[in-house]
Amino acid sequence: MPLRPTRLVLALATAFCAPFALADEPVVLTTPDVKPDQTHVTADDLSGTMDEVLKARGDVVVTRNDQTVNADWLDYYQDKNRVKAGDRFTLAQPGAVVTGHDLDYYLDSRTGKASDATFDAQTQTGPKRRLRGDGQEIGFEGPDQYQLRQARFNTCSPGDDTWYIKASAIDLDYDRNVGVAHHAHLEFEGVPVFYTPWIDFPLDGGRKSGVLAPVISGGSDGFGIDIPYYFNLAPNYDATLTARYNAKRGAGVAGEFRYLEPSYRGTLYTEQMPNDRTTDSSRWLWNGTHSQTLVPGLSFNYIATQVSDDNYFKDFGNRQAIADSTNLDREAWFNYGFNVAGIGGSAMLRWQRYQTLQQDPLSPVTPPYARLPQLTLNLNKSLEDGPSANLASEWTYFSSDVQQSGRRFVAYPSVTWRLDKSWGYVQPKIGFHYTEYSLDSFAGSSIASAAPSSTQTRELPITSIDSGLYFDRDTSFFGRDHTQTLEPRLYYVYIPTKAQNTLPNFDTSENDINYAQLFTENRFSGSDRINGANQVTAGLTSRLIDNEGGLERLRLTFAQRYYFSRDDINLAGNTTQRTTNGSDFLLGAGGDLTRDWRFDSNYQYSQADSHTDQINASLRYNPAPGKTLSARYRYGYNQDVDINNNPETLRQVDLGAQWPIARRWYGLARLNYSLNQRKPLEQLAGFEYNDGCWTLRLVGQRYVTDLVNVKTKFYVQVELKDLAGIGSNPLNTLRLSIPGYSKINETSNDF
């Protein structure tokens, strides 16, 4: 077995500067402990004198503090702590490795240059982000400062050069975590696709002023491009200014300003199009939010949105924006929470009005009342032996240009007892609801008839008892230990039936029946209508819970309200008679059948009309991120309208999918189909590709905007790992359309 040549090791302290001959010094054959600011050299051969140059040849290793140089040969100048190395070298520093052919480098100042070099670095703080590059020359500008000339870089794993940014010069500053590329262009599979004379970017994924990736859109709205510029103004506030162009409508601009302080935060956003070529008008949107703690317990908030016209969201928004934008909220409020002498409470002063958009001429919308202002006061006090006293009160001025305005005062004091045991609970409650109206005179409008000024009151006692029991037993299900529960519940309410047809309706609507609503005093929202009640609600819930994993494998529920009196109040405030002794009854079933399968359903049957009123059922299979299949069915009796605005039964099927179809490829689909109208309400299809360094998303979407119109959108996005997304971003649309959707660059594809 051949012997390995003996390694020569020399430790040199920079403080030792006296000339000496290497031959006169002892040769150290073992690696000593290297002290701070001491240079340690090992090589197959060492020669030369220290007053000239130390020459190391063959497998050279130089170590100083946290820097290491490996090379075929190296010349070391101790008086300057300078090394020259070749034919191949590697320079390792914290978070960065540089390799190349020739190196001229000062170990103390960490300056110098290298030719034909490659660069591999990773951020040392925050998220770990990698950057690889190569260039004709790399300049070392000081600690954590580099300049690459005639270079290229990307954020991919070694050997993956699918895309890269090529530039005449690239400056990297890891102190500030900022990179700058000069005369740069993005090349994808060797093809230049984008050029900029200058671009800067954060090395750690943090905030950095500069041009962001352009957003490109297409579809029935026409081709559009947005070019945003981000202003990192300070650690606690920033701004984005976006230049926009749409081939169909023209040029526009958008701006957003965000701020964050210890005691307040908020945003201000606007979109402006001075001349929409399609409508020959100015189109705009303003939105602002603010939340602030003024003093402990006292806060101030506002939310405001306003647009130029009724069709703004139809023309510029997505499906979600269209659905959510009938009444645009504008409100500001003060809220104060306190606890004095054991009395807890909250008070609120609010101003609120709406901009009502008439988006569908076949379904005109009556503007809701403005609250100018509203004052609420809620108090609670725990008494001896368990009961608690409560007060809910409100004074509001309701203002309207098309309906009768007026003031409403509400006071609802109550006393509640809560008796809890391990096997169940009982909670009786006694209260008195007082309402007073002071109405202004009204001349009448196309919506409401004329009415004189008046003052009216309503007094109603309210009594209720809520109670429930808990039973459980151990059982076995598919060979696993489970706990089965049985939870019966009874809820009794008594409220005298009193006509309220002379009272206005400022803010009240009738709630849909659901399991939670059956266990409430009043089926109306707001305070303008209070139902009569002499009734009991019976409910039963049973659960099957996996003892090991805690999953709720199955949940079954049943609830129905039973009436001891058939007297009733409708939304108009008139007294009526119920036709049955019971309400609609509700059935529900759902649970995590396995960790991959989730099922939910509810069923509502109307006893009064002897028909099924509503069905909702959904089944989802989600075995891993990036793999999800879902099916949903919805049925609602007279919950839809036809093209002539006549009521009809709603029957919809909703299918969604995200699934790997080949290695690195995923398919996307969503179909929301109306069975009674025999047409799709939304169609979505697309593909995603992820190779680890870049992600491609191709998505097409078509959806209805009203009873007669449809809209088409196309999304094309290329997301470069740890750098930027180029194109139009479909992620919000995909999350809303496909239950369980996951970003594929955060998952693994084991196809």
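The values are calculated or read from the model by the stated rules, or taken from the named source; none is laboratory data. Keep in mind the model is a prediction, meaning the values are calculated, not measured. Every residue, glycine among them, receives a Cβ derived from its backbone with ideal geometry; neighbour counts consider all protein chains shown. To get the accessible areas, we keep the full protein, side chains included, count just its heavy atoms, and leave off ligands, DNA and RNA. Shrake-Rupley method; radii C 1.70, N 1.55, O 1.52, S 1.80 Å.
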How much net charge surrounds LEU486 when only the other residues with a Cβ under 14 Å from the Cβ of LEU486 are counted, with Lys and Arg +1 and Asp and Glu -1?
-> +1
Report ³J(HN,Hα) in whole Hz for each residue of segment 103-117, in order, from the Karplus equation J = 6.51 cos²θ - 1.76 cosθ + 1.60 where θ = phi - 60°; Gly and Pro get x.
-> 10, 10, 8, 9, 5, 6, 7, 6, 10, x, 8, 9, 10, 6, 10
Quick tally, 1.4 Å probe accessible area for LYS166, LYS80, sorted with the most first, runs LYS80, LYS166
Virtual paramagnetic centre 7 Å along Cα→Cβ of LEU681, amide N under 19 Å, in segment 730-746 | 733-740
For segment 717-724, in residue order, the Karplus 3J(HN,Hα) values (coefficients 6.51, -1.76, 1.60; θ = phi - 60°; whole Hz; Gly and Pro = x) are 9, 10, 10, 8, 3, 6, 10, 6
How do ILE569, ILE465 rank by accessible surface area computed with a 1.4 Å probe, from largest to smallest?
-> ILE465, ILE569
Value of [θ]222 nm, deg cm²/dmol, for the chain, DSSP H segments ≥ 4, -39500 (n - 2.57) each, nearest 500 | -500 deg cm²/dmol
With label points built 7 Å along Cα→Cβ from the Cα atoms of LEU593 and GLN639, find their separation and express it in nm.
-> 2.2
So how far, in whole Å, is the C-alpha centre of segment 266-314 from the one of segment 171-227?
-> 28
From largest accessible area down, sort VAL536, VAL710; use a 1.4 Å probe on the protein chains.
-> VAL710, VAL536
Alpha-carbon centroids, segment 598-632 and segment 521-571: separation in whole Å = 19
Whenever you get a sec, compute what percent of the accessible area on segment 71-115 sits on carbon and sulfur atoms (1.4 Å probe).
-> 48
Of every hundred units of 1.4 Å-probe accessible area on segment 518-657, the number belonging to carbon and sulfur atoms, as a percent, is 52
When the charge dipole of the chain is computed with +1 at the Cβ of Lys and Arg and -1 at the Cβ of Asp and Glu, the Cα pointing farthest to the positive end, of ALA243, ALA184, VAL708, is that of VAL708
Kindly state, to the nearest 0.05, the FRET efficiency for LEU571 paired with ASP200, given R0 = 51 Å and r defined as their beta-carbon distance.
-> 0.25
Rg over Rh [alpha-carbon atoms, Kirkwood Rh] for segment 402-556 = 1.17
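When you count, for each residue, the other Cβ atoms within 10 Å and take the mean per peptide, how do 603-616, 131-144 rank with the highest first?
131-144, 603-616
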Inter-part gap, Cα centre of segment 698-750 to Cα centre of segment 385-427, in whole angstrom, is 45
In the neighborhood of ASP104, defined by Cβ-to-Cβ distances under 9 Å, what is the net charge if each Lys or Arg adds +1 and each Asp or Glu adds -1?
-> +2
Around ALA239 (Cβ within 14 Å, Cβ-to-Cβ, excluding ALA239; K/R +1, D/E -1) the net charge comes to +1
Would you mind working out the accessible area per residue for the chain, using a 1.4 Å probe, and quoting it in Å²?
-> 50
Arrange the peptides 146-153, 628-635, 674-681 so that the one whose residues have, on average, the most other Cβ atoms within 10 Å appears first.
-> 146-153, 628-635, 674-681
At q = 0.10, 0.16, 0.21 Å⁻¹, work out log10 I(q)/I(0) for segment 648-751 with the Debye formula, treating every Cα as an identical point scatterer and leaving solvent out; two decimals please.
-> -0.32, -0.72, -1.07
How do 253-260, 688-695, 501-508 rank on mean C-beta neighbours within 10 Å, highest first?
-> 688-695, 501-508, 253-260
Residue separation times 0.36 nm, minus the C-alpha to C-alpha distance between TYR77 and THR649: what's the value?
-> 197.0 nm
Calc'd 3J(HN,Hα), segment 457-469, phi into Karplus 6.51 cos²θ - 1.76 cosθ + 1.60 (θ = phi - 60°), Hz, glycine/Pro = x, comes to 9, 8, 10, 9, x, 9, 10, 8, 9, 10, 8, x, 10
For segment 363-395, list residues with backbone N below 16 Å from a point placed 7 Å from the Cα of ALA332 toward its Cβ?
-> 371-375
How high is the FRET efficiency from VAL708 to GLU384, r the C-beta distance, R0 60 Å, rounded to 0.05?
-> 0.40
Return the FRET efficiency for the residue pair THR279, ASP401: r is the Cβ-Cβ distance, R0 is 35 Å, and the value is rounded to the nearest 0.05.
-> 0.85
Over the residues of the chain, compute the C-alpha Rg and express it relative to 2.2 N^0.38 Å.
-> 1.33
Rounded if a/c is under 1.5, else prolate if a/b beats b/c, else oblate: with a ≥ b ≥ c from the C-alpha gyration tensor eigenvalues square-rooted, which is segment 171-263?
-> oblate
